[in-house]
Amino acid sequence: MLHILDIVGTAVFAASGALSASRKGMDIIGFCLLAAVTGIGGGTLRDVLLGVQPVSWLMQPGVILLCFGVALVSFFTAHHLESRERVLLWADAVGLAVFCVTGTQHALAAGASPIAAVLMGAVTATFGGIIRDVLCNEKPLILYKEIYVTAAAAGAVVYVTTVPFMPDPRIAEILGLLTAFMARAGGLVASLSLPTYAKRPARPQETGRP
Amino acid sequence: MLHILDIVGTAVFAASGALSASRKGMDIIGFCLLAAVTGIGGGTLRDVLLGVQPVSWLMQPGVILLCFGVALVSFFTAHHLESRERVLLWADAVGLAVFCVTGTQHALAAGASPIAAVLMGAVTATFGGIIRDVLCNEKPLILYKEIYVTAAAAGAVVYVTTVPFMPDPRIAEILGLLTAFMARAGGLVASLSLPTYAKRPARPQETGRP
Amino acid sequence: MLHILDIVGTAVFAASGALSASRKGMDIIGFCLLAAVTGIGGGTLRDVLLGVQPVSWLMQPGVILLCFGVALVSFFTAHHLESRERVLLWADAVGLAVFCVTGTQHALAAGASPIAAVLMGAVTATFGGIIRDVLCNEKPLILYKEIYVTAAAAGAVVYVTTVPFMPDPRIAEILGLLTAFMARAGGLVASLSLPTYAKRPARPQETGRP
C-alpha cells in the first residue's frame, strides 16, 4: 500500500506544481520542471536524510514520467479551471496527507526514533510545497494562518501511535492520512469561506496607501 | 566539548527559529517545526555534505526534544519580551559563533582541506538561519549590511589557523568562537544603535515616495 | 573534457554569484560566499542526489580557490562594468549551458535512466542560480518569461539523444552545449531588447485596480 500512496502523493503534488507554473505563465518545460520538483522533492529530501542514495527516481523513470504526464495534462486543461488556486490548494492538501504518513513510515523503517519519524513525516510532507513556493516566489503555504504543518504533524503522530496496536498497518495508514487531510481541509474550508480576511491579514499599513 | 557546543548552538538557533515563528503568529506546531529546522538545519546540511548518513538526529531523539522544549518555552514567554527581533538576533549570533567552529571541526575530522573546512564552517553556521528566513519569507540575515558571513568565516579561519599550535584544541575552539561572536556582536551593536539607517539602506528610490 | 567544462561552468557561475553580491553591496567575504555557493551549488546537489559523498570539493581546495579568485577579481572590477546585470545574465547563460551537459553526463555515468539524466541535467544547471537568487532575495531567473529551464532541458535532451551515435562523445557535448546556450541567448537577446514588456506580463488583474 505504501507504493500506491507514494504514487498518489507524487501525482497530486505534481499537479499542484503544474498549477503553480500555470499561474506564473510558464511554458511546457517549466510545467514539467515544477511538477517534477514538487512531486519528488519531499521524497528526495527524505531519501537523502535517510542515506538512501542514489535517490530512487534516478533508476525509476516511471515516477518522472508520471510527473511529466501530469504536467502535460495540466498544461492543456489548467486554464479551464474556475479557480486554479483552489484546485492547487486541495491537491496540496491530499499530497500533504499522503506524504506525512509515508514519510513517517520510511523513517521508522530506517530505524528512526518515533519523534524523529514524526518530524521526518512533517518535513517530507511540506518540503515539496516549500520548493514549489520558493521557485514561484510565493509566500510559503506554511506561513498562512490556516492549519498546515499542524495537519501533517497530527497525521504523523496518529500513525506512529496507532500502528503498534493495529492488526494491519494499513488501518494506521488510513487513520493518519484521514487525520491529516481532515485537519487541513478544515483549515482550508474555514479560510476559503473568508477569502478577504484570509488574504491580507498581516499588512495593515499597505491597505492604507492611496 | 564539541558535544556541549553543538547542544548550545542547537538550542540558541532553535530559540531564534521559535522567535521567528512568534513574529509570524504561528501556532505551537509551527513553533516546533521552525525551532527544529533552524536548530538542526545547519548540522544536517553538514552531515549530508560529509556523507554522514542517516543524519545524526534520526537516531537521537534528544536533539529534537531539545528543540521542541525550546519552542514550548518560547511559545509561552515570547510575547513578554520587549523586542523579540533583538533577542532573535542575539540568539542567532551565538548560534553562528558556535556552529562556525563545530562545522569546521567536523569537516576537518572528515578529511576536508583547511579551505574547504572554513567554507563548510561558514555554510553550517549560516544555513539554519537561511532556512528560517526563507520559511518565514524574511530577507535573509546575510543580506544586511552588518557583518554576518564575515563573522562566521573569521571564526572558522581563527580556529583552523590556531588549532595546530595549541596544547589543547579547546583553546582554539574558544578563540574561534569569541572571534566570530565579537565580530557579529560589533556589527549588531553598531546596527541596533542606528536602527533607521540600518533598515532601508539599499533602496533610495523608495524613500522618495510620498 | 568533462573536467575542463566543469571548471569553466564553475568559474562563470562563480562570477554570476559575485556580481549578485556586488549588486547587493556585500563585503569581500560575501562575494566569496556567493561565488562559492553559486559555483559549486549545482554540482553539490548532483553529487548528493547521486550518492557521491563526501562531495568532491571537500578534498579539492582548487575548486573553492577558483571561486574565491573569481570573487576577488569581481570585487575590484565589478563597479567598472556598464551593466552588471547584463554580464551576470550572460555568465549565468554560459554556466547553464555547461552544467546541463555535465550534469546529464554524471547522471548517466551513475546509471540513471535517460529521462532522469535529463531532469538531473536541468536541475544541476539551474540550482546554483536558484540558491544565488534566494540568498539575494531576487526573483528566481526561472520565473522570467525568457527561455531558461527550457534551454537547459533542450541541451540535456540533445546530449542524451546524440551521444550514442557519435564516434567521439565530445561532439555530443558540444552539440548539447551549443543548443542550450543558443536557446538561452535567443531568449536573453529578445528580452533585453524589450525590457518594459518582459517585466510585468502576468498580472492583468492587478493593473485593473484603481
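Just one of (1) surrounded by 22 or more Cβ atoms within 10 Å (Cβ to Cβ); (2) closer than 28 Å to C:GLN53 by Cα fails for B:GLY30. It is (2).
The numbered conditions (1) away from chain A (no Cβ under 11 Å); (2) touching a residue at least 12 places away in the same chain (Cβ under 8 Å); (3) out of contact with any Phe, Trp or Tyr (no Cβ under 9 Å at 6 or more places or on another chain); (4) β-branched (Val, Ile, Thr) are all true for B:THR77 except (2). The residues listed here are C:LEU96, C:LEU188, C:LEU108, C:LEU119; of these, the one that is more than 23 Å from A:PHE31 (Cβ to Cβ) and assigned to a helix (DSSP H, G or I) is C:LEU108. Looking across C:GLY25, C:GLY69, one residue alone is within 14 Å of chain B (Cβ to nearest Cβ), surrounded by fewer than 20 Cβ atoms within 10 Å (Cβ to Cβ) and assigned to a loop (DSSP other than H, G, I, E, B). It is C:GLY25. Evaluation of A:PHE165 against the conditions (1) more than 9 Å from chain B (Cβ to nearest Cβ); (2) within 29 Å of B:GLU138 (Cβ to Cβ); (3) aromatic (Phe, Trp, Tyr) shows that the sole unmet condition is (2).
Annotation note: of A:LEU5, A:LEU65, the sole residue that is out of contact with any Gly (no Cβ under 8 Å at 6 or more places or on another chain) and modelled with pLDDT of 90 or more is A:LEU65.
Each row is one residue, and each column tells you yes or no for (1) at pLDDT below 90; (2) not small (Gly, Ala, Ser).
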position: A:LEU108; (1), (2): no, yes
position: A:PRO114; (1), (2): no, yes
position: A:ILE130; (1), (2): yes, yes
position: A:CYS136; (1), (2): yes, yes
position: A:VAL149; (1), (2): yes, yes
position: A:GLY155; (1), (2): no, no
position: A:THR162; (1), (2): no, yes
position: A:ILE174; (1), (2): no, yes
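Against the numbered list (1) surrounded by fewer than 23 Cβ atoms within 10 Å (Cβ to Cβ); (2) under 28 Å from C:SER20 (Cα atoms); (3) not aromatic (Phe, Trp, Tyr), C:ILE115 comes up short only at (2).
One residue stands out in region B:1-24 among those that are touching a Lys or Arg at 6+ places or on another chain (Cβ under 7 Å) and of a type outside the set (Lys, Arg): the one that is nearest to B:ALA110 (Cα to Cα), namely B:MET1. A single entry from A:ALA110, A:ALA18, A:ALA14 fulfils the requirement of being of a type outside the set (Val, Ile, Thr), more than 14 Å from chain B (Cβ to nearest Cβ) and closer than 23 Å to A:LEU177 by Cα: A:ALA14. Residues that are at the interface with another protein chain (Cβ under 7 Å from one of its Cβ atoms), over 16 Å from A:LEU34 (Cα atoms) and hydrophobic (A, V, I, L, M, F, W, C) within region C:113-135 comprise C:VAL134, C:LEU135, listed in sequence order.
The condition (being among the hydroxyl-bearing types (Ser, Thr, Tyr), surrounded by 20 or more Cβ atoms within 10 Å (Cβ to Cβ), more than 13 Å from the chain's Cα centre (by Cα) and closer than 30 Å to B:VAL189 by Cα) is satisfied by just one residue among B:THR104, B:THR77, B:THR38, B:THR124: B:THR104.
Number of residues in region B:29-40 that are more than 8 Å from every other protein chain (Cβ to nearest Cβ) and among the β-branched types (Val, Ile, Thr) equals 2. Has region B:90-99 got any residue that is out of contact with any helix residue (DSSP H, G or I) (no Cβ under 6 Å at 6 or more places or on another chain) and at pLDDT below 90? Taking every residue of region B:90-99 in turn, at least one turns out to be out of contact with any helix residue (DSSP H, G or I) (no Cβ under 6 Å at 6 or more places or on another chain) and at pLDDT below 90. Scan region C:139-161 and tell me whether some residue there is out of contact with any Gly (no Cβ under 7 Å at 6 or more places or on another chain), away from chain A (no Cβ under 14 Å) and part of a helix (DSSP H, G or I). Scanning region C:139-161, I find at least one residue that is out of contact with any Gly (no Cβ under 7 Å at 6 or more places or on another chain), away from chain A (no Cβ under 14 Å) and part of a helix (DSSP H, G or I), so the answer is yes.
Among residues of region B:41-61 being facing chain A (nearest Cβ under 9 Å) and assigned to a helix (DSSP H, G or I), the one that is surrounded by the fewest Cβ atoms within 10 Å (Cβ to Cβ) is B:PRO61. Within the span defined as region A:82-97, one or more residues are over 17 Å from the mean Cα position of the chain (by Cα) and more than 14 Å from chain B (Cβ to nearest Cβ). The set of residues in region B:11-31 that are free of Cβ contacts under 8 Å to residues at least 60 places away in the same chain and under 25 Å from B:LEU175 (Cα atoms) comprises B:ALA11, B:ALA14. Please enumerate the residues belonging to region C:16-65 that are farther than 24 Å from B:ASP47 by Cα and of a type in the set (Ser, Thr, Tyr). Result: C:SER16, C:SER20, C:SER22. Taking each residue of region B:32-48 that is within 9 Å of B:ALA18 (Cβ to Cβ) and looking for partners that are among the acidic types (Asp, Glu) and buried (at least 24 other Cβ atoms within 10 Å of the Cβ) with beta-carbon atoms closer than 9 Å, six or more apart or interchain, yields B:THR38/B:ASP92. Tell me which residues, restricted to region C:162-180, are of a type in the set (A, V, I, L, M, F, W, C) and outside any helix (DSSP H, G or I). Result: C:MET166, single match.
The values are calculated or read from the model by the stated rules, or taken from the named source; none is laboratory data. Just so it is clear, the model here is predicted, and its values are computed rather than measured. Backbone-built Cβ (ideal geometry, glycine too); neighbour counts: all protein chains shown.
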